[in-house]
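Student: Provided herewith is a single structure, encoded as C-alpha cells, for subsequent inquiry.
The values are calculated or read from the model by the stated rules, or taken from the named source; none is laboratory data. Remember, predicted model here, so these are calculated numbers, not experimental data. A quick note on method: Cβ atoms are made from the backbone with ideal geometry, for glycine too, and the neighbour counts reach across all protein chains shown.
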Amino acid sequence: MGDNREYEYKADRSAHREEFSKIVDWIPEGSRVLDLGCGEGSLLKLLVERKKALVEGIEISPSGVEVCRSKGLKVRQGRIDERLPWVDDAFDYAVCNVTLQMVMYPEKLLSEMGRVATRQIVSFPNFANIRNRLELFFYGRMPRAMLFGHAWWNTGHIHQLSISDFKELVKKTELEIKRSAYFGRLAMPGLASLAPNLLSTIAMFDLVNPKTFLKKTKARDYE
C-alpha cells in the first residue's frame with residue numbers, strides 16, 4: 001500500500017482539482033496571492049494565466065519546489081504551520097487548498113494566513129461526510145472513504161476535521177467567514193447548503209481579517 005506522508009512531484013505531471021475553478025473565480029485580477037502547500041504549482045500557474053496574479057508559494061516537498069521553479073514560479077521550501085517568512089499584509093489572498101488537515105498546527109496556520117494576507121481561502125476534506133459516518137457505524141473502524149486508498153497509519157491526514165470543527169476553530173481566531181462553497185457527488189445545488197456537513201466531501205471558505213481589511217479600506221479613502 002502507498003504512503004501519502006511524503007510527496008514526490010514530477011515535472012511532466014500537473015494537478016487539476018475541482019476547487020481550482022472556484023478559487024480562481026473568487027480571486028480578483030491582479031491580486032497578490034500566496035499559496036501555502038502549493039505542491040507542484042498547478043494552482044499558482046492557473047492564477048497567473050487566468051487572473052494575471054502576482055503569485056508566490058511555499059511547499060515542504062523538495063521535489064515540489066523544484067518543479068515549481070522549473071515552471072518559473074517563485075516558491076520557497078518550508079513548513080506552513082509556523083512563522084511565515086513574509087511581512088504583515090504582504091498579500092491580498094493567502095490560499096491553503098486541501099492541506100489544513102495535514103499540518104501539525106492548523107491554528108498557527110490560520111493565524112499566519114490572517115497576518116500575511118487580507119483574505120484567506122481555505123479548503124479541506126469534510127470527514128463528517130455521510131459515507132464516513134456510515135463506514136464508522138457499520139464497520140467500527142476509522143473511515144477510509146476519503147483517504148484515497150490509504151489507511152489511518154500511512155496517511156498524511158493527521159487532523160480529520162469536519163465543517164463544524166473548522167467553524168469552531170475560526171471563532172478562536174481574528175478571522176471571519178464571508179462565503180463558502182461545497183464539493184462532492186452529493187453536494188448538489190440546494191442540498192449542500194441545507195446540510196453541507198453531511199453531504200459535502202470538500203468544503204471551502206473565503207475568510208477575511210477585519211483589522212487588515214479596515215486598515216486598507218481607510219488607506220484607499222485617503223488616496
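Student: Val24 - would you say it is touching a strand residue (DSSP E or B) at 6+ places or on another chain (Cβ under 9 Å), surrounded by fewer than 21 Cβ atoms within 10 Å (Cβ to Cβ) and more than 12 Å from Ala94 (Cβ to Cβ)?
Tutor: Against the criterion (touching a strand residue (DSSP E or B) at 6+ places or on another chain (Cβ under 9 Å), surrounded by fewer than 21 Cβ atoms within 10 Å (Cβ to Cβ) and more than 12 Å from Ala94 (Cβ to Cβ)), Val24 does not qualify.
Student: Another question, if that's okay. Can you name the number of the only condition in (1) modelled with pLDDT of 90 or more; (2) surrounded by 13 or more Cβ atoms within 10 Å (Cβ to Cβ); (3) among the polar types (S, T, N, Q); (4) in a helix (DSSP H, G or I) that Ser193 fails?
Tutor: (1)
Student: Within region 180-190, can one find any residue that is assigned to a strand (DSSP E or B), closer than 30 Å to Ala90 by Cα, in contact (Cβ under 8 Å) with a residue 40 or more places away in the chain and among the polar types (S, T, N, Q)?
Tutor: no
Student: Output the residues belonging to region 144-178 that are surrounded by fewer than 17 Cβ atoms within 10 Å (Cβ to Cβ), in a loop (DSSP other than H, G, I, E, B) and among the polar types (S, T, N, Q).
Tutor: Across region 144-178, the qualifying residues are Asn154, Thr173.
The rows are residues; the columns are (1) of a type in the set (Phe, Trp, Tyr); (2) closer than 25 Å to Phe148 by Cβ; (3) in a strand (DSSP E or B); (4) at pLDDT 95 or above.
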{"position": "Lys10", "(1), (2), (3), (4)": "no, yes, no, no"}
{"position": "Leu44", "(1), (2), (3), (4)": "no, yes, no, yes"}
{"position": "Val48", "(1), (2), (3), (4)": "no, no, no, yes"}
{"position": "Gly57", "(1), (2), (3), (4)": "no, yes, yes, yes"}
{"position": "Glu66", "(1), (2), (3), (4)": "no, yes, no, yes"}
{"position": "Arg79", "(1), (2), (3), (4)": "no, yes, no, yes"}
{"position": "Val87", "(1), (2), (3), (4)": "no, no, no, yes"}
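Student: Another question about this same structure. Given the conditions (1) at pLDDT 95 or above; (2) in a helix (DSSP H, G or I); (3) surrounded by 15 or more Cβ atoms within 10 Å (Cβ to Cβ), report the number of the one that Arg119 does not fulfil.
Tutor: It is condition (2) that Arg119 fails.
Student: Same structure, new question: Would you mind finding the one in Asn154, Asn132, Asn97 that is at pLDDT below 95 and either of a type in the set (Phe, Trp, Tyr) or in contact with a Lys or Arg (Cβ under 8 Å, 6 or more places away or on another chain) (or both)?
Tutor: Among Asn154, Asn132, Asn97, only Asn154 is at pLDDT below 95 and either of a type in the set (Phe, Trp, Tyr) or in contact with a Lys or Arg (Cβ under 8 Å, 6 or more places away or on another chain) (or both).
Student: Turning to a different aspect of this structure: Can you tell me which of (1) in contact (Cβ under 8 Å) with a residue 12 or more places away in the chain; (2) surrounded by 16 or more Cβ atoms within 10 Å (Cβ to Cβ) is the one Glu107 doesn't meet?
Tutor: (2)
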